[in-house]
Amino acid sequence: MIYILDTADLRAIRHCNEFYPLGGVTTNPSIIAKEKRDFWPLLTEIRSIIGPDKMLHVQTVATKAEDMVAEAKLLAERLGGEFYVKIPIGEEGLRATMMLKKEGIGVTMTAIFTPAQALMAAMAGASFVAPYLNRLDNILGDGCAVVAEIVSQLEKHKSDCKVLAASFKTAEQAHKCASYGCHSVTVTEGVLKALISHPMTDAAIAGFERDWIGLYGDKTISDF
Ligand code: E4P
């Protein structure tokens with residue numbers, strides 16, 4: 001299971017990169033616009049925080065395949081390391097994906113809402129498909145069921161394409177995806193924290209502290 005952080009907030013990236021087994025960072029134009037920073041300094045700082053070995057997914061904004069490919073090459077060259085270009089599903093996007101496959105640049109096909117879209121993206125050579133789970137749940141769909149079907153379809157068709165489920169509001173949505181065999185999820189800092197939080201854990205830790213202090217006061221193990 002790969003946990004990825006879905007933000008361009010440098011503070012959140014620094015924190016989560018240090019405290020969680022993070023596989024990388026995903027962004028999209030809306031996420032980047034939220035930071036109100038210059039594009040290249042922001043992206044190069046993200047790369048320098050996570051280092052070259054973790055995945056960085058950055059989306060194109062062009063609408064024609066040739067321009068998407070040009071943007072992808074520029075991004076891959078300037079950001080280096082484990083880089084994936086995010087391209088929304090569509091005819092131009094599929095064409096760009098097939099062209100980029102030949103160039104050896106990994107594509108994450110994004111804005112996926114159906115298993116049919118995911119399978120087509122995989123056949124075009126996408127390395128990842130990113131279904132938007134919470135946006136489906138918001139319109140009374142079943143995002144987790146869609147993710148589960150995509151996972152099983154890719155397995156049935158023996159595709160190397162991996163599922164990078166996206167658009168989460170809750171830890172339950174994210175963990176359900178993991179149980180369905182989804183390869184990776186990209187989540188906010190809040191969802192990442194919620195994935196490890198439990199009131200019983202807090203109570204257990206408080207009990208350990210209380211009992212220790214009751215006997216040894218503020219001494220720690222290294223004081224003995
Ligand atoms: C992935 O990177 C997607 O762009 C992102 O998770 C979408 O999330 P949202 O539905 O919360 O905007």
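Bear in mind that the values in this text are calculations on the coordinates, not laboratory data. Because the structure is a prediction, the values reported are computed rather than measured. Cβ: placed from backbone, ideal geometry, glycine included. Neighbour counts: every protein chain shown.
What FRET efficiency comes out for the pair Ile139/Phe19, r = Cβ-Cβ distance, R0 = 45 Å, nearest 0.05?
Efficiency computed from Cβ-Cβ geometry: 0.85.
With a Förster radius of 35 Å, plug the Cβ-Cβ distance of Glu35 and Glu172 into 1/(1 + (r/R0)^6) and report the FRET value to the nearest 0.05.
In this case the efficiency is close to 0.80.
Please flag any cysteine in the chain that has no other cysteine's Cβ under 4.7 angstrom from its own Cβ.
So far as the 4.7 Å Cβ criterion goes, Cys16, Cys144, Cys161 stand without a partner in the chain.
Helix 10-19: angle to the longest alpha-carbon principal axis of the chain, degrees 0 to 90, nearest 10?
With both axes taken from Cα atoms, the answer is about 60 degrees.
Using only alpha carbon pairs under 8 Å that are at least six residues apart, calculate the relative contact order of the chain and give it in whole percent.
16
For segment 190-197, take each phi angle, set θ = phi - 60°, evaluate the Karplus expression 6.51 cos²θ - 1.76 cosθ + 1.60, and give the result in whole Hz per residue in order, putting x for glycine and proline.
Along segment 190-197, the couplings run x, 5, 4, 5, 5, 5, 10, 8 Hz.
Distance cut-off 23 Å, Cα to Cα: go down the list Lys54/Lys86; Lys73/Lys156; Lys36/Lys64; Lys34/Lys176; Lys102/Lys156 and report the pairs above it.
In this structure, Lys73/Lys156; Lys36/Lys64; Lys34/Lys176; Lys102/Lys156 lie more than 23 Å apart at Cα.
Given H placed 1.01 Å from N in the peptide plane, which residues other than close sequence neighbours of Gln59 have an amide H under 5 Å from its amide H?
Under 5 Å from the amide H of Gln59 lie the amide H atoms of Thr27, Lys86, each far enough along the sequence or on another chain.
Please work out whether segment 2-194 counts as rounded, prolate or oblate from its C-alpha gyration tensor, where a ≥ b ≥ c are the square roots of the eigenvalues and a/c under 1.5 means rounded, while otherwise a/b larger than b/c means prolate and anything else oblate? Spell out each step's value before the answer.
Numbers: a/c = 1.62, a/b = 1.05, b/c = 1.54.
Oblate is the answer for segment 2-194, as a/c is 1.5 or above yet b/c matches or exceeds a/b.
How large is ³J(HN,Hα), in whole Hz, for each residue of segment 199-210 in order, when computed from phi with the Karplus curve 6.51 cos²θ - 1.76 cosθ + 1.60 and θ = phi - 60°, using x for Gly and Pro?
Values, residue by residue: x, 5, 5, 4, 5, 5, 5, 4, x, 4, 5, 4 Hz.
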